[in-house]
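Structure first, commentary second.
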Amino acid sequence: MTETRPYRRNVGAVLFNQAGLVLVARRAKFPNAEGAAGGWQLPQGGIDEDEDPAAAVLRELGEEIGTANAQIIGEHPDWLKYDLPPELIGVAFKGKYRGQEQKWFALRFLGQDSEIRLDADPHPEFDAWQWVPITQLPALAVAFKRPIYEALTRDFARYATPVQT
């Protein structure tokens, strides 16, 4: 059967610190996942109707990690899509979508680690975070998102360098 549900529009953030490492956060629904694939992901979230994707990515950072103290330094040229696995279609995203169509941004974090507050939202999506080399992203991703994380690793690798201060 062909899936006819639309894709949900979404933005994602590859947030680099001054050392060139990337922020990943552990989904609160996967406690004790430690290094398990799927337990860790990049900040991402839906785009409101008529919202500019660049504004949406900064809003999502504020909601998910408690700070939007970042500057956009790059944008992936394409909207990247993933399909949910069959067992999640009709369940995830309130059953409305077949997957997500995502606009990804590379951002430089301008603040201090103490600004990152996963408890800023009353319903936190994440319960832990860490800085990792960009090359680790695909291994941390759940299988159906891995091709996107591989593309981000390849296409945003140029930002994974320390910033000279």
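Every number in this text was worked out from the coordinates using simple rules, so none of it is lab data. Here the structure is a predicted model, which is why all the values come from computation and not from measurement. In this analysis, Cβ positions are derived from the backbone assuming ideal geometry, glycine residues included, and neighbour counts consider all displayed protein chains.
Counting only Cα, what are the radius of gyration and maximum Cα-Cα distance Dmax of the stretch 73-150, in Å?
Over the stretch 73-150's Cα set, Rg and Dmax evaluate to 15.1, 41 Å.
Which of the lysines could a cross-linker span from Lys103 if the Cα-Cα distance has to be under 18 Å and same-chain partners fewer than 8 positions apart are dropped?
Leaving aside lysines fewer than 8 places away in the same chain, those within reach of Lys103 are Lys81, Lys145.
Picking from Ala120, Ala139, Pro162, whose Cα lies most toward the positive end of the charge dipole for the stretch 22-165 (charges on Cβ: Lys, Arg +1; Asp, Glu -1)?
Of the candidates, Ala139 comes out farthest on the positive side.
When all C-alpha to C-alpha distances in the chain are sorted into bins of 5 Å, what percent of pairs does each bin hold, rounded to whole numbers?
2, 9, 18, 22, 23, 16, 7, 3, 1, 0, 0, 0
So if R0 is 25 Å, what FRET efficiency would Glu3 and Glu150 give, r being the distance between their Cβ atoms, rounded to the nearest 0.05?
For R0 = 25 Å, the calculated efficiency reads 0.60.
For the stretch 65-144, state which GluC sites (Glu not before Pro) are in a DSSP loop and have at most 13 other beta carbons lying within 10 Å of their beta carbon.
Details: sites: Glu75, Glu87, Glu101, Glu115, Glu125; in loops: Glu87, Glu125.
Here the sparse-neighbourhood loop sites are Glu87.
With +1 on the Cβ of every Lys and Arg and -1 on the Cβ of every Asp and Glu, and nothing else charged, how large is the dipole of the chain about its Cα centre, in debye rounded to the nearest 20?
So the dipole magnitude of the chain works out to roughly 440 debye.
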